[in-house]
């Protein structure tokens, strides 16, 4: 029977593309990843990794099993969530990121409320710029990323991701009282393209 922790290691290796990346994602040492993979290879009786320069790559059998591993782990998480929902509990781990301003401005209150309402839910959050946050959601390292989405320059999302608005944040521009646009209630950022900026 396949061991779930070893499948989790294979899944991390497939997503991160390296032993060191998998180790970082799983919060273990590189030798722990190597040991788990060696045990998994013995378990299935096939070579799952092949040397690739200084690193490794998945063999055909490794890629095949990694595809199954992703589906199996997803089903296990779903089963655990369904069982807990049956008991009226929200449990598990929620992995979040936000750009620095949102992490400092939105997360403290939101995460405190989440902890109070769902004490069994483990939340891990980190500050990441929008592009890095989205990339980690695509890779499966994060469940959700709080990002910026300018109305005049919408953020492109990769296929398979969805977005929802949290709030509109008005950006103010301070300028001298005699500036040509000072009397306007609303301006477009592009109108300041030729101005000298302090910050």
Review point. What is the number of the single condition among (1) over 30 Å from residue 114 (Cβ atoms); (2) part of a loop (DSSP other than H, G, I, E, B); (3) in contact with a strand residue (DSSP E or B) (Cβ under 6 Å, 6 or more places away or on another chain) that residue 47 does not meet?
Key: (3)
Check your understanding: Applying the selection to the range 73-116, what residues are at pLDDT 80 or above and not in a helix (DSSP H, G or I)?
Key -> 90, 93, 94, 95, 96, 97, 98, 99, 106
Exercise for review: Within the range 115-134, work out how many residues are surrounded by 16 or more Cβ atoms within 10 Å (Cβ to Cβ) and without any contact (Cβ under 8 Å) to a residue 12 or more places away in the chain.
Suggested key: 0
Review point. Does the range 77-91 hold any residues that are surrounded by 15 or more Cβ atoms within 10 Å (Cβ to Cβ) and either within 19 Å of the chain's Cα centre (by Cα) or without any contact (Cβ under 8 Å) to a residue 24 or more places away in the chain (or both), and which are they?
Key: 91
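The values are calculated or read from the model by the stated rules, or taken from the named source; none is laboratory data. In this text the structure is predicted, and so the values were computed from the model without any measurement. Neighbour counts are summed over all protein chains in view; Cβ atoms, including those assigned to glycine, are modelled from backbone coordinates with ideal geometry.
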